[in-house]
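The structure appears below as structure tokens.
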Amino acid sequence: MKIILMSMPDVIPMIMHASAFHLSNCGIASLGANIDAGHDIFIVDLIRKRRHLTGYLRRLLLKIRPQLVGLSAMTWQYETCIKIIRFIRRLVPEVKIVIGGYHATLMYEQIASSSEAGLIDFMVRGEGEESFRRLVNALEDKDRLEDIPSLSYKDGGQFVHNPRGELLDLSRLKIPIRDKRRLTSGYHIVTSKAEVMETSRGCTRTCSFCSMNHMYGPTFRTFPIERVLADIDDIYYNLKTRMIFIVDDNLVLDPQRVIHICDAIIARNYKGLKLNVQADCVSISRNEEMVRKMSLAGMKTIFLGIESVSRKNLVVSHKGDIVEASRKAVQICHKYGIMVIAGLIFGFPDDDEADIIENYKFMKALDADIPYCQILTPYPKTEVRQQLLDQGMVTNPYDYKRYNGISANVKTRHLETEQLQYLVWLHRQKIFGWWEPSKLFRSKGGLWVPFWTYVLRPLLKLTVGRRQAKQGWEERYRTDMKYLAGLNEFHDPAKNN
Ligand code: B12
């Protein structure tokens with residue numbers, strides 16, 4: 001059978017620009033790798049085809065003429081996903097369509113009773129490898145749809161939802177597809193070629209804004225060290241890529257495991273390996289020896305979710321008191337030469353302008369290398385969504401396209417949605433200004449740092465700064481928002497084609 005698996009083209013400006021972070025999708029690459037032999041599988045990350053989406057899709061579909069297309073979408077990408085499905089159906093009407101990923105997992109019941117249900121043949125909820133493998137077999141009459149766990153299929157035109165399956169034994173999964181079966185290329189972080197891999201799945205923390213609970217429950221499973229090394233070998237030797245983004249939600253839940261992995265990586269003596277990971281402040285702040293090993297193993301940046309330093313907000317987000325922990329975590333990371341991307345979330349129900357300023361000032365004083373700021377988003381089925389709905393704080397409950405982490409969909413007791421969006425933008429400009437690379441960044445950031453400091457930043461200051469002096473903050477804000485609003489407005493490929 002000919003199968004195409006696709007991830008969506010929608011992107012937000014990560015760190016500084018919408019083109020800075022273009023990574024492959026680990027989910028579809030793992031699904032494709034784990035079907036049984038005898039099928040032609042193709043992996044396509046549409047983030048790399050954003051500019052020529054319609055033409056690319058047409059050529060791809062007409063050339064391959066797949067029998068099955070699988071699409072992966074987060075909540076905010078679902079609208080684009082549906083547009084693409086319409087187009088696929090028009091070009092290859094006989095094709096079967098399966099969707100999976102976060103939106104299908106969270107919203108399968110709503111999708112099943114929506115007007116789009118007719119466009120979709122199957123949904124896979126949760127971890128997909130085993131259900132997808134069996135679905136492919138069932139389409140060749142080698143398995144039965146009604147026996148496949150976590151699958152939603154149609155019977156008499158209506159979706160039937162099979163019970164969810166057990167979590168998978170990760171030691172049985174093959175490494176993701178990164179060879180010629182992956183038709184898109186050019187994945188990068190800023191100017192470095194980059195690939196993604198996993199060392200674990202799940203997280204036992206209970207952050208109320210996170211969607212992961214519905215994917216894995218509050219569990220944490222790890223891949224065997226040999227598999228982690230096989231993944232690195234594939235990326236390092238076969239793809240000659242040195243930069244790896246480890247997609248684990250929280251790499252450091254088991255510090256002893258991290259030390260074992262680091263020792264194994266150090267023993268392999270990969271030259272120039274650069275690993276980027278996500279971790280929690282508390283584990284980092286309490287495990288200096290682990291951080292030292294992480295640095296020796298090539299870990300260069302850590303994303304730390306600080307979220308908010310206002311005490312009242314930490315109660316809402318279930319983060320515990322991480323103010324001291326975050327200070328200590330940044331200090332330890334810097335001591336071992338690891339850069340910190342620090343995540344902040346604005347828009348908790350009690351936030352006012354003073355809280356926004358306080359949080360930015362805290363972040364500046366923290367000396368984290370890059371601030372990553374989001375606005376509290378009421379993702380479907382999260383605990384925080386229900387709390388915010390109950391308090392009447394969600395101003396956009398259903399236009400999920402705006403659920404991208406940077407658009408305000410809530411208000412607070414002190415700020416209307418538009419004010420919140422504006423003040424988060426304004427104080428970022430005022431407090432951080434044109435980003436100043438930290439001391440560590442200057443010493444480790446390579447050629448990109450002088451390029452930013454001496455070429456790009458002066459240029460931007462001159463052009464944007466001049467425009468702003470003339471037009472004022474509000475006009476510049478409106479220009480930025482217009483850019484954001486248009487970023488993922490793809491031409492509906494099903495229209496006029
Ligand atoms: C790594 C990661 C990123 C990376 C991107 C990596 C990449 N390749 O693009 C970065 C840091 C850039 C990122 C950014 C964002 N992310 Co993010 N990210 C993750 C994270 C931590 C891991 C994703 C991953 O690779 N998992 C491993 C793979 C194997 O699992 P998977 O993708 O879930 O796929 C499995 C199943 O879902 C299923 N499946 C998936 N697709 C399909 C398709 C079919 C056909 C089938 C059958 C099955 C199936 O089977 C797969 C294999 O088991 C998740 C949280 C998590 N731990 O899952 C958040 C997560 C996906 N991100 C999220 C969000 C919101 C974002 C942002 C919008 C905002 C933000 N947080 O910054 C941006 C948008 C980025 C953009 N495109 O512009 C949310 C999505 C919530 C939602 N309800 O939609 C999550 C769940 C985090 C959360 N806390 O809730 N992210």
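The values are calculated or read from the model by the stated rules, or taken from the named source; none is laboratory data. None of the values given here were measured: they were computed from a predicted structure. Cβ sites come from the backbone with ideal geometry, for glycine too, and all protein chains shown count toward neighbours.
Residue-level check: of (1) within 8 Å of the ligand (Cβ to nearest atom); (2) of a type in the set (Gly, Ala, Ser); (3) surrounded by 23 or more Cβ atoms within 10 Å (Cβ to Cβ), Gly32 misses just (1). So Asp249 fits all but one of (1) farther than 24 Å from Trp435 by Cβ; (2) in contact (Cβ under 8 Å) with a residue 40 or more places away in the chain; (3) part of a helix (DSSP H, G or I); what number is the exception? Here Asp249 clears every test but (3). With respect to (1) over 26 Å from Ile302 (Cβ atoms); (2) in contact (Cβ under 8 Å) with a residue 60 or more places away in the chain; (3) touching a helix residue (DSSP H, G or I) at 6+ places or on another chain (Cβ under 8 Å); (4) outside any helix (DSSP H, G or I), the lone exception for Arg413 is condition (3). Among the residues making up region 272-304, those that are free of Cβ contacts under 8 Å to residues at least 40 places away in the same chain and among the polar types (S, T, N, Q) are Gln278, Ser283, Asn287.
Just one of the listed residues (His17, His39, His22) is without any contact (Cβ under 8 Å) to a residue 40 or more places away in the chain and either within 10 Å of the ligand (Cβ to nearest atom) or not β-branched (Val, Ile, Thr) (or both), namely His17. Report yes if some residue within region 273-282 is among the acidic types (Asp, Glu), in the same structural domain as Lys193 (by TED's automatic domain parsing) and at pLDDT 95 or above; otherwise report no. Scanning region 273-282, I find no residue that is among the acidic types (Asp, Glu), in the same structural domain as Lys193 (by TED's automatic domain parsing) and at pLDDT 95 or above, so the answer is no.
In summary, Thr395 fulfils each of the numbered conditions (1) touching a strand residue (DSSP E or B) at 6+ places or on another chain (Cβ under 7 Å); (2) closer than 14 Å to Phe346 by Cβ; (3) surrounded by fewer than 16 Cβ atoms within 10 Å (Cβ to Cβ) with the single exception of condition (2).
Return yes or no: is Leu415 modelled with pLDDT of 95 or more, of a type outside the set (Gly, Ala, Ser), more than 25 Å from the chain's Cα centre (by Cα) and under 20 Å from Cys373 (Cα atoms)? Criteria met by Leu415.
The strands (runs of 3 or more DSSP E) found wholly in region 155-230 and carrying at least 1 residues that are in contact (Cβ under 8 Å) with a residue 24 or more places away in the chain and more than 10 Å from the ligand (Cβ to nearest atom) occupy 158-161, 192-197, 220-222.
Please work out if Ile99 is within 15 Å of the ligand (Cβ to nearest atom) and either in a helix (DSSP H, G or I) or in contact with a Lys or Arg (Cβ under 7 Å, 6 or more places away or on another chain) (or both). For Ile99, the condition - within 15 Å of the ligand (Cβ to nearest atom) and either in a helix (DSSP H, G or I) or in contact with a Lys or Arg (Cβ under 7 Å, 6 or more places away or on another chain) (or both) - is not met.
Restricting attention to region 338-395, the residues being within 11 Å of the ligand (Cβ to nearest atom) and either of a type outside the set (Lys, Arg) or in a helix (DSSP H, G or I) (or both) number 14.
For region 126-135, indicate whether the set of residues that are within 15 Å of the ligand (Cβ to nearest atom), modelled with pLDDT of 95 or more, outside any helix (DSSP H, G or I) and closer than 30 Å to Gly446 by Cβ is non-empty.
Of all residues in region 126-135, those within 15 Å of the ligand (Cβ to nearest atom) come to 126-135.
Add one more test, that the residue is modelled with pLDDT of 95 or more, and what stays is 126-135.
Narrowing further to those that are outside any helix (DSSP H, G or I): 126-128.
Applying the additional criterion that residues be closer than 30 Å to Gly446 by Cβ yields none.
The answer is no; no qualifying residue exists.
The residues listed here are Lys49, Lys63, Lys2; of these, the one that is more than 13 Å from the ligand (Cβ to nearest atom), of a type in the set (D, E, K, R) and surrounded by 17 or more Cβ atoms within 10 Å (Cβ to Cβ) is Lys49. Take the residues in region 396-410 that are outside any loop (DSSP other than H, G, I, E, B) and not basic (Lys, Arg); name whichever of them is nearest to the ligand (Cβ to nearest atom). Restricting to residues being outside any loop (DSSP other than H, G, I, E, B) and not basic (Lys, Arg), the top hit is Tyr400. Of the residues Arg221, Arg257, Arg311, the single one that is surrounded by fewer than 16 Cβ atoms within 10 Å (Cβ to Cβ), closer than 27 Å to Thr206 by Cα and modelled with pLDDT of 95 or more is Arg221. Among the residues examined, Leu376 qualifies as under 26 Å from Leu106 (Cα atoms) and not polar (S, T, N, Q).
Each residue in region 455-497 was checked for being under 25 Å from the mean Cα position of the chain (by Cα) and in a helix (DSSP H, G or I), and 7 of them qualify. Out of curiosity, is Gly32 in a strand (DSSP E or B) and outside the structural domain of Trp435 (by TED's automatic domain parsing)? Spelling it out, it is not the case that Gly32 is in a strand (DSSP E or B) and outside the structural domain of Trp435 (by TED's automatic domain parsing). Residues of region 233-245 include at least one that is within 14 Å of the ligand (Cβ to nearest atom), farther than 19 Å from Glu129 by Cα, β-branched (Val, Ile, Thr) and under 16 Å from the mean Cα position of the chain (by Cα).
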